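Structure, as C-alpha cells:
Nothing in this text is a laboratory measurement; each read-out follows from the coordinates by a stated rule. Predicted, not measured: the structure shown is a model, and the values here were computed from it. Glycine also receives a Cβ, built like all others from the backbone with ideal geometry; neighbour counts cover every protein chain displayed.
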Amino acid sequence: MRSLSTPARTKVFLDCDPGRDDAVAILLALHLPEIDLVGISSVHGNSTIDAMTYNAVRLLVSYGSAEQATRIPVFKGSEFPLVAAPRTASTIHGADGLGGVEGLLDMSNERVAQQQSEALKSNAIIGMADACKALAPGEKLTLVGVGAFTNIALFISVFPDLLLEKVSQIVLMGGAEGRGNKSPVSESNVYCDPHAASIVFDCPIPVVICPLNLTHTAIFTDEIHSLLLQPNPTAPFSPEAPLPPAASDLRLSLSTNLTHFAAAYKRKYGFLGPPLHDPLTIAYIARPELFKGTRYRVDVELKGDHSVGATVVDLWEYKKEQVDQDPSNWGRKGKNVLILEEVDVPAFYKLFLEAVDAADKVCPIGAR
C-alpha cells in the first residue's frame, strides 16, 4: 500500500555522470508520475565533464517530451574532485560514457544544440541554488546524486541555509559495506571523490544511500530485456529464443546501452546481467515502500593505503558512546546515513517498464 506520507509528486534535482545506468535514471526521473524533475547537472566520473554534460543533454532531449526538453535545464558541473586525483570509469561505460549506444539525438538536433550551448555556460552549484530559490514557500526538493558527489558537497558548503530550508533529503547511489567495484573495498562514486562523500554524508539533513549491496540484487535479466524490446509479446519468454526486435528507436537505444553494460559486467565481474545501480535512487523517491533500510553511522576512509574511499559502516555500534542517539541529528555527530538494504526487484522492474511505456508515447525517438 502506498505510504500516505509520500508526496504525490516530488521535485527532484538530479546530479549525474551519464553513463549506462545514469541514462535509465534520467528516463525514470522524466516519466515516473511521482517525480517532477526540475534540473540536471553533470559531474566528473564516468568520463570527462564535457562528455558527461553532452550525454545529459542528449538523454534529456531524446528521452523526454518536447515540453520537458525545453523546460528542464542542464548545468555543467565539477571537472575534478575536491582533493583526490581525477579518476574515470571508462572500462564499463566506454570512452564517452555511453559507448555503443544507438539512436540518441545529437548536435544536428536544434534542441540538443541549444541545450548544450546553455549547459556549457552554466554552473551546477548555482543551478542547484536557483532550483531551491524557485520553490514555493514551504516547498522542498530532493537532491539526487548518482555520480561523484563533488557538486553536492560544494552546494552544501556554499549554500548551507538553502540546504536546510529547501532540501528535504539527499538520495545517493554510492558506497558499499564490504566489497567495492572501483577498488577492493570502495564503490566508484565515493572513490572518485571521497572527500566530497564525507562532506555529504555528514550534512545536517537526511541522507539515503543505495549501496552496491543493494544494487547488485537488481539484475537486468534477459526476460526483462525481452519485455523492454517488445512490450506486448506474442509468446511466453524462453531463454533459448533470440531477443525480439525493438518496437521503437527508444527501446533500441535502451537495449544497445544495456547490452554493452551486460557485456562489460560479464567480462569484468562474471555477472549474468548488469545491475541497474542509479535508477534505484529514483525508484526509492517514487515508491519508498518497495525498500527496506537501516540507519547507521557511516564514515569515509580518506587516508588508508589500501582502502581510500571505503564506506565504513558501524554495523555493531562500536561508536555508540561517541554518536548522538537523537534521531533528529543527521550530521557529523549522529547516525548520518540511511542505508537501503532490500528492494522488491520485480516491482522495481515493473516501474522501469512502465516508465519506458510512458516515454515511448511522448519522446521524439519513441513509438508514439
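Worth a mention:
- For region 266-332, GluC sites (Glu not before Pro) are listed when DSSP marks them as loop and at most 10 other Cβ atoms sit within 10 Å of their Cβ; the list is 321.
- Around residue 273: net Lys/Arg minus Asp/Glu count, Cβ-Cβ under 11 Å: -1
- Cross-link pairs 11/133; 76/361; 182/303; 11/166; 292/335 - those with Cα-Cα distance over 20 Å: 76/361
- Of the trypsin sites (Lys or Arg not before Pro) in region 44-135, the ones in a loop by DSSP (not H, G, I, E or B) with at most 12 other beta carbons within 10 Å are 121.
- Look at 110, 223 and count the other Cβ atoms within 10 Å of each Cβ; fewest to most, that gives 110, 223.
- Diffusion coefficient, µm² s⁻¹, Stokes-Einstein with Kirkwood Rh over alpha-carbon pairs of region 28-110 at 25 °C and 0.890 mPa s: 177
- Extension gain, residue 302 back to residue 102 (0.36 nm per residue minus Cα-Cα distance, nm): 68.1 nm
- Pair residue 361, residue 134: separation of 7 Å Cα→Cβ label points (nm): 2.5
- Within the chain, longest stretch clear of exposed chymotrypsin sites (Phe, Trp or Tyr not before Pro) (DSSP loop, no more than 12 other Cβ within 10 Å): 1-315
- Using θ = phi - 60° in the Karplus curve 6.51 cos²θ - 1.76 cosθ + 1.60, the 3J(HN,Hα) couplings for region 300-312 round to 10, 6, 10, 10, x, 5, 10, 9, 4, x, 5, 8, 8 Hz; x is entered for Gly and Pro.
- Dipole magnitude (debye, nearest 20) for region 165-270, charges at Cβ of Lys, Arg, Asp, Glu: 240
- Near residue 19: Cβ cut-off under 11 Å, other residues only, Lys/Arg at +1 and Asp/Glu at -1. The net charge is -4.
- Of the trypsin sites (Lys or Arg not before Pro) found in region 252-333, those that fall in a DSSP loop while having at most 14 other beta-carbon atoms within 10 Å are 303, 319, 320, 333.
- Summarised in one figure, the compactness ratio Rg/Rh of region 257-297, Cα atoms and Kirkwood Rh, is 1.14.
- Here the Gaussian network model covers the chain, with springs between Cα atoms less than 10 Å apart; of 235, 85, 196, 235 fluctuates the most.
- Estimated FRET transfer efficiency when R0 is 51 angstrom, pair residue 328-residue 217 (beta carbons, to 0.05): 0.95
- Label-to-label distance, residue 354 versus residue 205, with points set 7 angstrom from Cα along the beta-carbon direction: 2.6 nm.
- Here is the size of region 63-156 from its Cα atoms: Rg then Dmax, 15.6, 45 Å.
- For the chain, alpha-carbon Rg relative to the globular expectation (2.2 N^0.38 Å, N residues): 0.93
- Estimated 222 nm signal from helices in the chain, with DSSP H stretches of n ≥ 4 weighted -39500 (n - 2.57), rounded to 500: -11500 deg cm²/dmol
- For the chain, the relative contact order comes to 21 percent (Cα pairs under 8 Å, sequence separation of at least 6).
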